[in-house]
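Values quoted throughout were computed directly from the atomic coordinates according to the rules given, and no laboratory measurement underlies them. Fair warning: this is a prediction, and the values are worked out from it, not measured in the lab.
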């Protein structure tokens, strides 16, 4: 065998040994980092579990508080329609997309007093939506609350420009299939 072949073999062996050594060193370094991370997680895990338990206890207490507030506002053991939140969202979206104006009837004369664009009215109404939901026992009750001013107890009217303005409740019933069968309660906000 020539000296060039031996030199080539030895350099290949040395190069392979160096690469193998580097790979082993990197694997060992990775193993050490994983072990440190696992140790850190094991050290922090009891605190994480304690915080999770505290959070769960706080949420349970908060849920009980919300139920007690609801009972205080609308009465104990009062049943509610299912999907009342989705119903209110859908009705407000319908009003918002109407491109109409909403206001109360003028005391003297005809027309609406200080009509507001429907989008603007819905933006204001969304702020009161949670309060309306908390006090409403049914979709019909909620519809009645949407149709009357919370402050003045006056009836809201909508003018869409295509015909004479009508009460907001009547317009909702005419344009919202889920509202057509609801009986408006006599109880005002």
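Taking the chain as a Gaussian network, Cα atoms linked when under 10 Å apart, which of 131, 25, 156 shows the biggest mean-square fluctuation?
In this elastic network of the chain, the residue with the biggest mean-square fluctuation among 131, 25, 156 is 25.
Nearest 10 degrees is fine. How inclined is helix 118-135 to the longest principal axis of the chain, computing both from alpha carbons?
Rounded to the nearest ten degrees, it is 90.
Translational D (Stokes-Einstein, µm²/s) of the range 84-179 at 4 °C and 1.567 mPa s when Rh comes from the Kirkwood sum over C-alpha pairs? Intermediate results must be reported in sequence, preceding the final value.
Numbers: Rh = 13.4 Å.
Reported coefficient: 97 µm²/s.
Pick out which of 28, 83, 144 has the largest mean-square fluctuation in a Gaussian network model of the chain, springs linking Cα atoms closer than 10 Å.
Between 28, 83, 144, it is 28 that shows the largest mean-square fluctuation.
Before anything else, pin down the relative contact order of the chain: Cα pairs under 8 Å, at least 6 apart, normalised by residue count, whole percent. It would help to have the intermediate numbers written out before the result.
On the way: 160 pairs, mean separation 32.3, N = 189.
That works out to 17 percent.
If the elastic network links every pair of Cα atoms under 10 Å, which of 91, 41, 66 fluctuates the most in the Gaussian network model of the chain?
Judging by the Gaussian network model, the answer is 41.
Can you bin the chain into rounded, prolate or oblate? Criterion: square roots of the alpha carbon gyration tensor eigenvalues sorted a ≥ b ≥ c, rounded for a/c under 1.5, prolate for a/b above b/c, oblate for the rest.
Taking the square roots of the gyration eigenvalues as a ≥ b ≥ c, the chain is prolate.
To test your reading of the geometry: what angle, between 0 and 90 degrees and rounded to tens, separates the Cα axis of helix 3-74 from the longest principal axis of the chain?
20
Give me the percent of Cα-Cα pairs in the range 1-78 that sit more than 20 Å apart, rounded to a whole number. Spell out each step's value before the answer.
On the way: 2073 of 3003 pairs.
I get 69 percent for the Cα pairs in the range 1-78 exceeding 20 Å.
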